[in-house]
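Structure record follows, encoded as structure tokens.
The values are calculated or read from the model by the stated rules, or taken from the named source; none is laboratory data. Model, not experiment: these values are computed from the prediction. Positions of Cβ are backbone-derived with ideal geometry, glycine not excepted, and every protein chain shown enters the neighbour counts. Only protein heavy atoms, including side chains, enter the accessible area calculation; ligands, DNA and RNA are left aside. Shrake-Rupley method; radii C 1.70, N 1.55, O 1.52, S 1.80 Å.
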Amino acid sequence: MESEEERVRLRDRAEWSDVTPVPQNDGPNPVVPISYTEDFAEVMDYFRAIYLANEHSSRALSLTAEVIHFNAGNYTVWHFRRLLLESLKVDLHGELEYVERVASANSKNYQIWHHRRWVAEKLGVEARHIELEFTRKILSVDAKHYHAWSHRQWVLQTLGGWEDELNYCSQLLEEDIFNNSAWNQRYFVISRSPFLGGLKAMRESEVLYTVEAIIASPENESSWRYLRGLFKGETALYVNDPQVPSVCLKILNTKSNYLFALSTLLDLISLGYQPNEDFRDAIEAIKTSDFDKQDHDIARNICSILEQVDPIRANYWIWRKCRVSQVAA
């Protein structure tokens, strides 16, 4: 579309001379009239005219692009544009290019993503690679872009393209191990991909992958949450898998960045895990001088440490300690 400085008003264009604009009707006494720009008011007045006349023409399609330029969130215009695309049998590959241009300045606009999904669905499997690349491009700029991730998951489930998705997640996590969106996508892939066999089939290799990630960055909550998610619905396996308490002990022995190792160990104990003397020694080594020397209950000691190292959730850890005491009683 031409720049606003070069823009020729609709009323000065010969192709629109037969159209009578329909002004916005705010009633006789609007309480708070909105001060629209002259260009915006004009394109909306002409849009109302062609919309009310249900005009399906090339100029109507072009006009929707002008309205979207001024307000990309106008769902009525997007809806009418879809009707025009269908009735005029427009090449939808070009429409994807158009949406990408609009998205470059409005990538978090819901209407854009809804429209793009509609176009991709119409094109079917042939749009798969285009859509995966489109979302990849956006995620390279904003790795946690909610709409891009949602659209990408829709593409995978509807159009396919699972084959390289786990590698893509690994690539993103190599770039930023704290990217919780990439961890979420990784879980989505191993649990939904028709080629990987599901969570049960992937558990062993994913536990190894996650343990390595935890050792590299033990302060990263995402990897600890992912580890727990790998045992969804399998509490007994979670408690009895030696790799889980082992990584907790390894982090505790470093005496730094052990918050999530402690909270994971506490969860394991609450589920029935019996920590050995190595854990007791590790906990004793990180207790401060103001701890109750007579209290040797490992779960209560963990809660006391967490009260100090995780002050934002101190009240929660106090509550957990009370629960531990009630169970012991």
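A compact table of results
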| quantity | calculated |
| --- | --- |
| Inverse mean reciprocal Cα-Cα distance (Kirkwood Rh) of the chain, Å | 24.5 Å |
| Of Ser263, Ser17, Ser87, the one that fluctuates the most in a GNM where the chain has Cα springs shorter than 10 Å | Ser17 |
| Set of aspartates and glutamates near Lys287 by C-alpha distance (under 12 Å), chain-local residues within fewer than 8 positions excluded | Asp295, Glu307 |
| Share of carbon and sulfur in the accessible heavy-atom surface of the chain [1.4 Å probe, %] | 51 percent |
| Net +/- balance of residues flanking Trp162 in space, Cβ distance below 14 Å, scoring K and R +1, D and E -1 | 0 |
| Whole-Hz ³J(HN,Hα) from phi, Karplus 6.51 cos²θ - 1.76 cosθ + 1.60, for segment 181-197, glycine and proline x | 5, 5, 5, 4, 5, 4, 5, 4, 5, 5, 8, 10, 4, x, 9, 9, x |
| Protection proxy ranking of 242-248, 136-142 - average other beta-carbon atoms within 10 Å, highest first | 242-248, 136-142 |
| The chain: calculated mean residue ellipticity at 222 nm from DSSP helix runs of at least 4, using -39500 (n - 2.57) | -21000 deg cm²/dmol |
| Formal net charge of residues neighbouring Trp319 (Cβ-Cβ distance under 11 Å; K, R +1; D, E -1) | +3 |
| For segment 82-217, alpha-carbon Rg and Dmax in angstrom | 16.6, 58 |
| Helix axis angle, 92-106 relative to the chain longest principal axis, alpha carbon, degrees | 70 degrees |
| Local net charge near Asp278, Cβ-Cβ under 12 Å (Lys/Arg +1, Asp/Glu -1) | -1 |
| Peptide ranges 77-84, 277-284 listed from the most packed, as the mean C-beta count within 10 angstrom indicates | 77-84, 277-284 |
| Cross-link pairs beyond the 30 Å C-alpha cut-off, checked among Lys144/Lys232; Lys255/Lys321; Lys144/Lys200; Lys144/Lys321; Lys250/Lys321; Lys108/Lys232 | Lys144/Lys321; Lys108/Lys232 |
| Approximate shape of segment 112-157 as ellipsoid semi-axes (Cα gyration tensor, √5λ), whole Å, largest first | 17, 11, 8 |
| Protection-proxy order for peptides 169-176, 46-53, each taking the mean of Cβ atoms within 10 Å per residue, highest first | 46-53, 169-176 |
| Helix 243-254 vs. the chain, principal-axis angle (Cα, 0 to 90°, nearest 10) | 80 degrees |
| Scaled radius of gyration (Cα, divided by 2.2 N^0.38 Å) that segment 10-127 gives | 1.14 |
